Amino acid sequence: MAKYFVIIILLILLFLIFWNLQKNTAPRNRLDLLSSRYIDQGPREVGSANLVTAVVVAYRGFDTLGEVIVLFLAATGVGFLMQKRQKAYPKSNPASEILRTGSDVLLPVIILTGTYIFLHGHLTPGGGFQGGVVIASGFLLQFLARPESRIKVRKLHFIESISGFFYVLSGLAGLILAGGFLDSRFLPLGKWGELISAGAIPLIYSFIGLKVGSELVGILNNLKGD
Amino acid sequence: MIMVSFYILGIIILLAAILAIYARNIVTAIISTGVISLLVSILFLLLAAPDVAMTEAAIGSGLTTMVFLYAYNRIRRIRERNDG
Amino acid sequence: MGNNLTEIIYNVSALIALGAMVTAFLRMIIGPTIADRAVALDAMTLVTISLIAFLTLLLQRKVYLDVAIVYALISFLGVIAVARFLDKGL
Amino acid sequence: MREMAFLGFALVLLGFWAMLTRKNILRIIIGFTIIDSGIHLIIVNLGYLPGRTAPILEKGMRVGDLSKHFVDPIPSALVLTAIVIGLAVTALMLVYAVRIYERKRTLNIDKYRELKW
């Protein structure tokens, strides 16, 4: 009982901190300077219609590189902890005919949609992270329909490494040809609102999408085991 | 209308969180976690953040449920191998 | 939000969708077996898609429909996962 | 919206409650996921201004006074990556839970006696 008492006191203190923060913060009715600058100058400077994409890829691209590295470390940790699984588990039951046929029909559609999402990241909501997750979901459907199938891990690691390599390489190209590291303006900005526009943003987001998708497929493959 | 839907969704989210904490079966708790992500993504749309809503929709309802179920499936297999 | 009739239709459809959500969640709370809860989750995903489409209409931004597309394409995975888990096929 | 912040904080408190009082290790990880959702809600709410719309340009919008019509894009950009990282971290914790179960044959954290005396 003493434990519950301590926990309740802890949560009440936490709530008091939040209450003070909430009470003493005036509600905002205008943006601060940094956000206003991003919003006002973003379409002209970077050429992206989706300003969240402009912040993620162009203005704060270095943070995104860090996030991708954290994701890579977590995937490596999962793979490291799940290695050497040779013990005999019971075989899993095969899936029904409907699920197998349906997954065969749906897999190309899902992968096409994922590609659409990360190629149009500068025009519509979405981008590399969402597209990668959608592609990983397609492979997950394949795992569910055929539990005994194997995925080619060497190819997966190849895609992951090559996309990460090109991501950093495009950052270096921005350093040499444009303003700074991960500056997306080393390609021409093009006409606003078209698919091939906004400098290197579609290229960089494609690399991020491939990397995130292959890492998530790797995590799921490791968790699935044999 | 937006405030009405916010209140209803908020009450459902809180009830789903309580169900996730106190449900007796762990699979029920996993499904309730999926429901929380599902409804939180509508709230992100109300907060005018469609990118975040899309990420939460793709990850929260599909992949998180999946990861939990894979892990629990491994635990179940270890338990069955030990018993039988 | 043009004339009065469209507004009434929007509100009524949103109320119907919210009612469907609440009833599906009631089944989720009282459902005795896991299969009941999985079906309730499926119903809630469908209602969620319709609510997102409703918000697209109400807030007058057609880019929000992309979220509904992704949702419709992905969200059935959770239900299939639960079904395969109950089938011992994961 | 002020109510949205309170909802997010209620989720954070419920998640902490789950993490501190439950014994099952999977239940603790579920509590972590709930905390994640609540914190994302709070951070996105920080960038919301009432009556404004999503920061995505469409044809027909006038460039120039956009900062009077759009919400803040920076919290959205932060949360976008944080959700993906949250999934990877959840997977890592679940893998640890599986390994612990393999070694100890139990999920109850009261039965792990290495750090007790």
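The values are calculated or read from the model by the stated rules, or taken from the named source; none is laboratory data. All values reported here derive from a predicted model rather than from experimental measurement. Heads up, the Cβs are rebuilt from the backbone with ideal geometry, glycines too, and the neighbour counts pull from every protein chain shown. Quick note on the areas: whole protein, heavy atoms, side chains included, nothing else; ligands and nucleic acids left out. Shrake-Rupley method; radii C 1.70, N 1.55, O 1.52, S 1.80 Å.
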Margin query: Here are the criteria: (1) modelled with pLDDT under 75; (2) open to solvent by less than 70 Å² (accessible area, probe 1.4 Å). Tell me which single one A:Lys91 does not satisfy.
Written below: (2)
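Name the one entry in A:Ile110, A:Ile39 that is in contact with a strand residue (DSSP E or B) (Cβ under 8 Å, 6 or more places away or on another chain), part of a helix (DSSP H, G or I) and on the phi < 0 side of the Ramachandran plot. Please lay out each step first, then the result.
On the way: A:Ile110 fails: in contact with a strand residue (DSSP E or B) (Cβ under 8 Å, 6 or more places away or on another chain).
Of the residues listed, the single one that is in contact with a strand residue (DSSP E or B) (Cβ under 8 Å, 6 or more places away or on another chain), part of a helix (DSSP H, G or I) and on the phi < 0 side of the Ramachandran plot is A:Ile39.
Is it fair to say A:Gly199 is at pLDDT 85 or above and buried (at least 23 other Cβ atoms within 10 Å of the Cβ)? Break it down into steps so the answer makes sense when it comes.
Details: at pLDDT 85 or above: no; buried (at least 23 other Cβ atoms within 10 Å of the Cβ): yes.
No: the conditions fail for A:Gly199.
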Next item on the list: Consider only pairs whose beta carbons are under 6 Å apart and that are at least six residues apart or on different chains; among these, list those whose first residue lies in segment A:58-71 and is facing chain D (nearest Cβ under 8 Å) and whose second residue is buried (at least 19 other Cβ atoms within 10 Å of the Cβ) and polar (S, T, N, Q).
Entry: A:Glu67/D:Thr81
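Can you spot a residue in segment C:50-63 that is of a type outside the set (S, T, N, Q), part of a helix (DSSP H, G or I) and in contact with an Asp or Glu (Cβ under 8 Å, 6 or more places away or on another chain)?
Filtering segment C:50-63 for residues of a type outside the set (S, T, N, Q) gives C:51-55, C:57-59, C:61-63.
Okay, now just the ones that are also part of a helix (DSSP H, G or I), so C:51-55, C:57-59, C:62-63.
Keeping just the survivors that are in contact with an Asp or Glu (Cβ under 8 Å, 6 or more places away or on another chain) gives C:62-63.
So far as segment C:50-63 goes, yes, one or more of its residues are of a type outside the set (S, T, N, Q), part of a helix (DSSP H, G or I) and in contact with an Asp or Glu (Cβ under 8 Å, 6 or more places away or on another chain).
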Check: Which residues, taken from segment C:49-82, are within 27 Å of C:Ile34 (Cα to Cα) and not hydrophobic (A, V, I, L, M, F, W, C)?
Finding: C:Ser50, C:Tyr71, C:Ser75, C:Gly78
Notebook entry, point to check: If you go through segment C:16-27 one residue at a time, do you hit one that is more than 9 Å from chain B (Cβ to nearest Cβ), among the polar types (S, T, N, Q), in contact with a helix residue (DSSP H, G or I) (Cβ under 8 Å, 6 or more places away or on another chain) and not in a loop (DSSP other than H, G, I, E, B)?
Noted result: no
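From the list D:Arg52, D:Arg103, exactly one residue is over 19 Å from B:Ile26 (Cβ atoms), open to solvent by 20 Å² or more (accessible area, probe 1.4 Å) and more than 26 Å from the chain's Cα centre (by Cα). Which is it? Walk me through it before giving the result.
On the way: D:Arg52 fails: more than 26 Å from the chain's Cα centre (by Cα).
Residue meeting the stated conditions: D:Arg103.
Tell me yes or no: at least one residue of segment C:52-59 is touching a Phe, Trp or Tyr at 6+ places or on another chain (Cβ under 9 Å) and β-branched (Val, Ile, Thr).
Pass one, segment C:52-59, residues touching a Phe, Trp or Tyr at 6+ places or on another chain (Cβ under 9 Å): C:52-58.
Imposing the further condition that a residue be β-branched (Val, Ile, Thr) reduces the set to C:52, C:56.
Taking every residue of segment C:52-59 in turn, at least one turns out to be touching a Phe, Trp or Tyr at 6+ places or on another chain (Cβ under 9 Å) and β-branched (Val, Ile, Thr).
Yes or no, residue by residue, for (1) of a type in the set (A, V, I, L, M); (2) under 26 Å from A:Leu65 (Cα atoms); (3) buried (at least 23 other Cβ atoms within 10 Å of the Cβ):
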{"position": "A:Gly102", "(1), (2), (3)": "no, no, no"}
{"position": "A:Ile111", "(1), (2), (3)": "yes, yes, no"}
{"position": "A:Val134", "(1), (2), (3)": "yes, yes, yes"}
{"position": "A:Phe143", "(1), (2), (3)": "no, no, no"}
{"position": "A:Glu148", "(1), (2), (3)": "no, no, no"}
{"position": "A:Ala173", "(1), (2), (3)": "yes, yes, no"}
Item checked: Condition check for A:Asp40: surrounded by 12 or more Cβ atoms within 10 Å (Cβ to Cβ) and in contact with a helix residue (DSSP H, G or I) (Cβ under 6 Å, 6 or more places away or on another chain) -> yes
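Just checking, does segment A:146-155 include any residue being assigned to a helix (DSSP H, G or I), under 19 Å from D:Ala91 (Cβ atoms) and of a type in the set (A, V, I, L, M, F, W, C)? It would help to see each step written out before you state the result.
Narrowing segment A:146-155 to residues assigned to a helix (DSSP H, G or I): A:153-155.
Filter once more, keeping what is under 19 Å from D:Ala91 (Cβ atoms): A:153.
Applying the additional criterion that residues be of a type in the set (A, V, I, L, M, F, W, C) yields A:153.
Yes, that holds for at least one residue.
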Next item on the list: Count, please, the residues in segment D:55-90 that happen to be modelled with pLDDT of 80 or more, at the interface with another protein chain (Cβ under 7 Å from one of its Cβ atoms) and open to solvent by 40 Å² or more (accessible area, probe 1.4 Å).
Entry: 1
Check: Exactly one of (1) touching a residue at least 60 places away in the same chain (Cβ under 8 Å); (2) open to solvent by 10 Å² or more (accessible area, probe 1.4 Å) is unmet by D:Ala97. Its number?
Finding: (2)
Check: From the list C:Val67, C:Val82, which residue is touching a residue at least 40 places away in the same chain (Cβ under 8 Å), buried (at least 23 other Cβ atoms within 10 Å of the Cβ) and within 8 Å of chain B (Cβ to nearest Cβ)?
Finding: C:Val82
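Condition (residue is within 19 Å of A:Val134 (Cα to Cα), in contact with a Gly (Cβ under 9 Å, 6 or more places away or on another chain) and surrounded by fewer than 21 Cβ atoms within 10 Å (Cβ to Cβ)) applied to segment C:40-56: is it met by at least one residue?
So in segment C:40-56, the residues within 19 Å of A:Val134 (Cα to Cα) come out as C:42, C:45-46, C:48-49, C:52.
If we keep only those that are in contact with a Gly (Cβ under 9 Å, 6 or more places away or on another chain) too, we end up with C:42, C:45.
Pick out the ones that are also surrounded by fewer than 21 Cβ atoms within 10 Å (Cβ to Cβ) and you get C:42.
Yes, the conditions are met somewhere in segment C:40-56.
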Check: Here are some residues: A:Gly174, A:Gly180. Which one is more than 22 Å from A:Gly77 (Cα to Cα) and in contact with an Asp or Glu (Cβ under 7 Å, 6 or more places away or on another chain)?
Finding: A:Gly174
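For every residue, the table says whether it meets (1) within 29 Å of B:Ala48 (Cβ to Cβ); (2) in a loop (DSSP other than H, G, I, E, B); (3) of a type in the set (Ser, Thr, Tyr).
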site	(1), (2), (3)
A:Ser103	no, no, yes
A:Gln130	yes, no, no
A:Ile135	yes, no, no
A:Val168	no, no, no
Check: A:Pro27 is checked against (1) within 19 Å of D:Gly47 (Cβ to Cβ); (2) assigned to a helix (DSSP H, G or I); (3) without any contact (Cβ under 8 Å) to a residue 24 or more places away in the chain and fails just one. What number does that condition carry?
Finding: (2)
